[in-house]
Amino acid sequence: MGVKLLLDKAKVEGIRQYDVYRREGGYRSVEKALKTMSPDAVTEEVKKSGLRGRGGAGFPTGMKWSFLAKPEGVPRHLVCNADESEPGTFKDRFLMEFLPHLLIEGLIVASYALGSNATYIYIRGEYAWITDILEHAIGEAKANGWLGNNILGTGFNCEIYVQRGAGAYICGEETALIESLEGKRGNPRIKPPFPAVKGVWDRPTVVNNVETLAAVVPIINMGGEEYAKIGVGKSTGTKLISACGNINKPGVYEIDMTIPVEEFIYSDEYCGGIANGKRLKACIPGGSSVPILPANLLLKTAKGETRYMNYESLSDGGFATGSMMGSGGFIVLDEDQCVVKNTYTLARFYRHESCGQCSPCREGTGWMEKILKAIESGKGKMSDIDLLWDIQRKIEGNTICPLGDAAAWPVAAAIRHFRDEFEWHVNNPQECLTRNYGLAHYADPIYTPA
Amino acid sequence: MIKFSEEKLNKVQEIINRYPQGKQKSALIPLLHLAQEEYGWLSAETMDYVAGLLQIEPIEVYEVATFYSMFNLKPVGKFMFEVCQTGPCMVSGSDNIIDYIKQRLGIGVGETTPDGLFTLKTVECLGACGYAPMMQLGKHYREHLTKDKVDQIIEECRKNAGLLN
Amino acid sequence: MADEKKLFKVTIDNITIEVEPGTTILNAARSIGGEVAPPAMCYYSKLKNSGGKCRTCLVEVAAGSTADPRPMPKLVASCRTTVMDGMIVKNITSERVIDARAGVTEFLLLNHPLDCPICDQAGECHLQDLSYEHGKEGTRFEFQKRTFKKHDLGEYIQLHMTRCILCYRCVFVADQLTQKRAHGILDRGDHSEIATYIEKSLDNDFIGNVIDVCPVGALTDKTFRFKNRVWFTKPVDAHRNCSKCCGEVQLWMRGDEVFRVTARKDEWGEVKDATDGRPGWICNECRFEKKDLKDWTIDGPTKVNRHSVISQGHYVGVQMPKDFLPEVMGGRGPKLLMDIHKVSEVNRPEIELSKIDGPAHGDDFAGAKQ
């Protein structure tokens, strides 16, 4: 059993309720931070912890907090990014649904550190019932003196509001989220200025993911240095992984980033192996936008070393032979799955979610979707594969926000590692409608020079 | 005539108070949710009413309402099946579920049954990938869908409709 | 000395200039001019918040500043990136930029109908210019192009949504120049469109300026629709006393007939300030209702800018663009790969074309071969 810092109490009966949560040691970090630490000391502790943003980009949280501009007389805001929409990712949902008070506790501490008196949780619109859970928990916290004016007699005031989105993946991008919070279309802003200087209502703003903010609670409780001892290298602490696809035990798991990918997939403590006795073909380890890896490159790096579930190891080999930790959305594909079709549904997703503001993303995502659909349905040409490669190359890095990259990477990785499956579709336009390419050589050991 | 009840109007005020003075436009998406709960969909008249409540131009409301996929700009059935079809759901068999619902209800994607009870819609990832295949029905998710489960849900909706009518 | 501002040194395509702090790379490049200025389809210097969207002005920053000379990893939108002291920018000298720009051009043309022969914007269309200068021959897009439901915007403005490249300029015009915005961007992604949602005419005063800022033929003048090709008309500068706007316009004439009235534009295709320094935007009355020559005092022929096919040498005042190549290429001049006069079999000086009866034929030249 690995260390659990976030989900250790998830199975406690009634933990959603304030009384139970408090009895189990909840809100201690608020007491500690507000009564014994200065706001800057809290930030310092988060810096020491090495906590990296859990939304996908992995940016050091403490550093992000220290960038926040603090001009005299201008209110600042903390916004919690609960717009979890990356396919494969459902960890924040689990956290909010079962441990709402953990998020609220983290939010109060972070609001104190950043000086935010009005903090907003921007939650994706579809999580309608979770909005109720959070609002109920906020009500309880307020009734017990953890929110409102003069919290714990320290003079710190803080309110938390829940704002529902209405169906737009792009609002998970922090500046699009801010636009949406302002009641506008979710068009990402052109940076600079960054939110730390000019965020919501042009005020300095920090936007953090749900899991990131929840992790502040154990960091304050145990101290940043202790937290940093868990894990390995720059992957400190624990990470929530939402595992899905063709596995026996899909669900949300907390890992301490020292376990091998193979153990995560096959051990009974986690995914419990591939469903229906099938074999592993491929995996997208960090949410649909990160590169897909064939089984052989997933379990071992190109150098033949064991691949671990952490930031560094998952990205070992760069995009050529590695992938990314991303948001921790772990999507497993068994031998019966078609990579072309999977890539097509993802391309369709990104086309559907493009805000339409900048031309490479608006036009390019739709083009890729059309070509992938053609190849998938046996109507593709061999030249389409190179064309797809060229389109994704011209989108990547040339757009306003990372959605362009998110749309380009899955296509690039699928062609990079599964080119023969694409070619098979082109060469067998009839057969590809009735059967899949199968496992082929994707689980074969990679040749590693001695 | 579109008009919120006294109780709803109090809620509107409560929402507007969450934001700084003069930033009431921030309440737009929450208000559109309120309106859609009330009327089932957003007509131009409803959107103009919301614009009036927030003292913004109607076009600002149309721009937002058409951007977000959850807002219905046309009337929909009493029960809307929003079935996810993105990657993780697809690898778990969402295509079969969609086909089955089509066959059971006798409608295509984007259509409503003649009795106005059911609308079938396909949607992109709803964040329930570990519980696939799934659909959203009203406020809640229905997960780990099978053909039997779909049958049960359809029955349940029919029953509820009978009770409500 | 304290109020003397320090200027920033910036090098763009090997040409170094000094600009005020806060200047964008694009405007710095425009002050050099010619090919060094990146194309801009959405940025409009006179519209606040415009730019950043079309991505045609992407440039490579080879060195961020003297203080931090690291290159920027991604290409940046030059219209929204301000220069730093000692910054080194590569525009036409960067392979990456040329490649990315060809990509953006292809994306913009992907769903754009190639209906130039019936488009009123033809001849003064920035997308045409962009495709000539940065696009590739042919298309790799083999699907049906996107279409939209038709919307009527009233008696003044004709909307062709299929041609729109979503630069948002017209939205900024409505926000910044008119009392009340009635149109906007509806829907999302590749279905985004300019519309009013419920059919509504756009008739706010000054809304006609959306026609002048539209880089393509998406918003054109209904009163000029199909009346004439711009290159057959003759632009003249004119003015009238107008209570609403500066009254300084360009009349597009044939003979004594005024076909169209537009604002006056500068070399970047943007509406330029009036002679008294007021904004050059014109009101709807001047634009749409004053089509009689008697309404106007003529100032003289317009100096035609590079954005128009009418600049084909018919008028005085056409400025030849400065030849930047030797400077940009570090002293090397353009090199002709072959001299057509030396290699062509047709162009033999010993054959007098006028002596051939009827159309020339290969046989006519065969005899002259040496």
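Only the coordinates and a few stated rules stand behind these numbers; no lab work does. Quick caveat, the model's predicted, so the values are computed rather than measured. No Cβ is skipped: glycine too gets one built from the backbone with ideal geometry, and neighbour counts run over all protein chains shown.
For Cα pairs less than 8 Å apart in space and 6+ apart in sequence, what is the mean separation divided by the residue count of the stretch A:1-81, i.e. the relative contact order in percent? Write down the numbers at each step before the final one.
Details: 33 pairs, mean separation 11.4, N = 81.
Once normalised by length, the contact order is 14 percent.
Can you find, among C:Cys57, C:Ala29, C:Phe324, the residue sitting farthest towards the positive end of the charge dipole of chain C, where Lys and Arg contribute +1 and Asp and Glu -1 at Cβ?
C:Cys57
How far apart, in nanometres, would the label points at C:Lys244 and C:Asn49 be if each is projected 7 angstrom from Cα along the Cα-to-Cβ direction?
Roughly 2.4 nm, to one decimal.
Using only Cα atoms, what Kirkwood radius does the protein assembly as shown have, in angstroms? Present the calculation step by step, with values, prior to reporting the outcome.
On the way: mean 1/r = 0.0322 Å⁻¹.
It is 31.0 Å.
Arranged by the count of other C-beta atoms within 10 angstrom, fewest first, what order do A:Arg435, C:Arg287 take?
Neighbour counts put them in this order, fewest first: A:Arg435, C:Arg287.
Can you give me the distance in nm between label points at C:Arg146 and B:Asn10, each placed 7 Å from the Cα along the Cα-to-Cβ direction?
A separation of 4.6 nm, rounded to one decimal place.
Looking at chain A, which longest stretch skips every one of the GluC sites (Glu not before Pro) that is in a DSSP loop with at most 14 other Cβ atoms within 10 Å, leaving the sites themselves out?
The answer is A:73-268.
Take the stretch B:1-66, drop everything but the C-alpha atoms, weight them equally and run the Debye formula without solvent; then report log10 I(q)/I(0) at 0.13, 0.14, 0.22 Å⁻¹ to two decimals.
-0.30, -0.35, -0.89
So how tilted is helix B:58-67 from the main axis of chain B? Cα-based, degrees 0 to 90, rounded to 10.
So the helix axis and the longest Cα principal axis differ by about 20 degrees.
Could you work out the relative contact order of the stretch B:6-67, using alpha carbon pairs under 8 angstrom and six or more residues apart, expressed as a whole percent?
With pairs under 8 Å counted, the relative contact order is 25 percent.
Looking only at Cα atoms, what is the convex hull volume of chain A per residue, in Å³?
Given the Cα convex hull of chain A, per-residue volume reads 140 Å³.
Using +1 on the beta carbon of Lys and Arg, -1 on that of Asp and Glu, and nothing else charged, what's the dipole of the protein assembly as shown about the Cα centre, debye to 20?
Values: 119 positive and 128 negative charges, 114 e Å.
So the dipole magnitude of the protein assembly as shown works out to roughly 540 debye.
When N is the residue count of chain C, what does its C-alpha Rg come to as a fraction of 2.2 N^0.38 Å?
Values: Rg = 23.7 Å, N = 370, 2.2 N^0.38 = 20.8 Å.
For chain C, the normalised Cα radius of gyration comes out at 1.14.
How big is the charge dipole of chain A about its Cα centre, in debye rounded to the nearest 20, if each Lys and Arg gets +1 on its Cβ and each Asp and Glu gets -1 on its Cβ?
Using Cβ point charges on Lys, Arg, Asp and Glu, chain A gives about 540 debye.
Given B:Val50, B:Gly93, B:Pro114, which one lies farthest toward the positive end of the charge dipole of the stretch B:1-139, if we put +1 on the Cβ of every Lys and Arg and -1 on the Cβ of every Asp and Glu?
Sorting the options by dipole projection puts first B:Gly93.
Run through all the Cα pairs of the stretch A:251-378 and give the fraction in each 5 Å bin from 0, expressed as whole percent.
Distribution as computed: 2, 11, 18, 20, 19, 14, 10, 6, 2, 0 percent.
Fewest Cβ neighbours within 10 Å first, please rank C:Leu153, C:Leu251, A:Leu213 accordingly.
Arranged by neighbour count, lowest to highest, C:Leu153, C:Leu251, A:Leu213 become C:Leu153, C:Leu251, A:Leu213.
Below 8 Å, C-alpha to C-alpha, sequence gap of six or more: please give me the relative contact order for the stretch B:79-164 in percent.
35 percent
Given the options C:Arg163, C:Arg96, C:Arg260, state which has the largest fluctuation in a GNM of chain C using a 10 Å cut-off (strictly under) for Cα springs.
C:Arg96
Please give every one of the lysines within straight-line cross-link reach of C:Lys149, meaning a C-alpha to C-alpha distance under 17 Å, and leave out same-chain neighbours fewer than 8 residues apart.
Cα-Cα hits under 17 Å: B:Lys74, C:Lys200.
Hey, got a sec? Which trypsin sites (Lys or Arg not before Pro) in the stretch A:45-100 land in a DSSP loop and have at most 15 other Cβ atoms within 10 Å?
none
Taking the stretch C:1-85, which GluC sites (Glu not before Pro) meet the DSSP loop condition and have no more than 10 other C-beta atoms within 10 Å?
Numbers: sites: C:Glu4, C:Glu18, C:Glu35, C:Glu60; in loops: C:Glu4.
Of the GluC sites (Glu not before Pro), the ones in loops of the stretch C:1-85 whose Cβ has at most 10 other Cβ atoms within 10 Å are C:Glu4.
Evaluate the distance, in nm, between pseudo-label points positioned 7 Å from the Cα of A:Asp444 and of A:Ala302 along their respective Cα→Cβ axes.
1.8 nm
Taking the dipole about the Cα centre of the stretch C:115-226, with the C-beta of Lys and Arg at +1 and of Asp and Glu at -1, give me whichever of C:Phe226, C:Ala122, C:Ile198 is farthest to the positive side.
Among C:Phe226, C:Ala122, C:Ile198, the one farthest towards the positive end of the dipole of the stretch C:115-226 is C:Ile198.
Grab the alpha carbons of the stretch B:79-164, take their convex hull, and tell me the volume per residue in Å³. Display every interim value, and only then the final one.
Numbers: hull volume 6.9 nm³, N = 86.
Normalising the Cα hull of the stretch B:79-164 by residue number yields 80 Å³.
For C:Gly280, which sequence-distant residues (separation of 5 or more, or a different chain) have an amide H within less than 5 Å of its own amide H, given hydrogens modelled in the peptide plane?
Residues meeting the criterion, in which the H sits 1.01 Å from N, are C:Asp273, C:Ala274.
Using Cα positions and a limit of under 13 Å, work out the aspartates and glutamates in reach of C:Lys150, with same-chain residues fewer than 8 apart set aside.
C:Glu193, C:Glu199
Skipping prolines and chain starts, which residues have an amide H placed within reach, meaning under 5 Å, of the one on A:Tyr161, given they are 5 or more residues away or on another chain?
Close amide H contacts, sequence-distant or interchain: A:Thr119, A:Tyr120, A:Ile121.
Report the percentage of all Cα-Cα pairs in the stretch C:115-226 whose separation exceeds 21 Å, rounded to a whole percent.
Result: 37 percent of Cα pairs exceed 21 Å.
Considering chain C as a Gaussian network with a 10 Å cut-off on Cα pairs, which listed residue, C:Arg146, C:Arg264, C:Arg55, attains the greatest mean-square fluctuation?
Most flexible of the set in this elastic network: C:Arg146.
Angle check, please: helix B:6-16 long axis (alpha carbons) against the longest principal axis of chain B (alpha carbons), in degrees 0 to 90, nearest 10.
80 degrees
With θ set to phi - 60° and the Karplus curve 6.51 cos²θ - 1.76 cosθ + 1.60, what are the ³J(HN,Hα) couplings of the stretch A:111-120 in order, to the nearest whole Hz, using x for Gly and Pro?
4, 5, 4, 9, x, 9, 8, 10, 10, 10
Dipole of chain C, Cα-centred, from +1 at each Lys and Arg C-beta and -1 at each Asp and Glu C-beta, to the nearest 20 debye?
Using only the charged Cβ atoms, the result is roughly 760 debye.
Can you tell me the orientation of helix B:147-164 relative to chain B, as the angle in degrees between its alpha-carbon axis and the longest Cα principal axis, to the nearest 10?
The two axes meet at around 50 degrees.
I'd like the GluC sites (Glu not before Pro) in the stretch B:33-134 restricted to DSSP loop residues with at most 15 other Cβ atoms within 10 Å, sorted by number.
Numbers: sites: B:Glu37, B:Glu38, B:Glu45, B:Glu60, B:Glu63, B:Glu82, B:Glu111, B:Glu124; in loops: B:Glu111, B:Glu124.
Passing sites in the stretch B:33-134 are B:Glu111.
Using a Gaussian network model on chain C with a 10 Å cutoff between Cα atoms, which of C:Ile198, C:Ile282, C:Ile165 fluctuates the most?
C:Ile198
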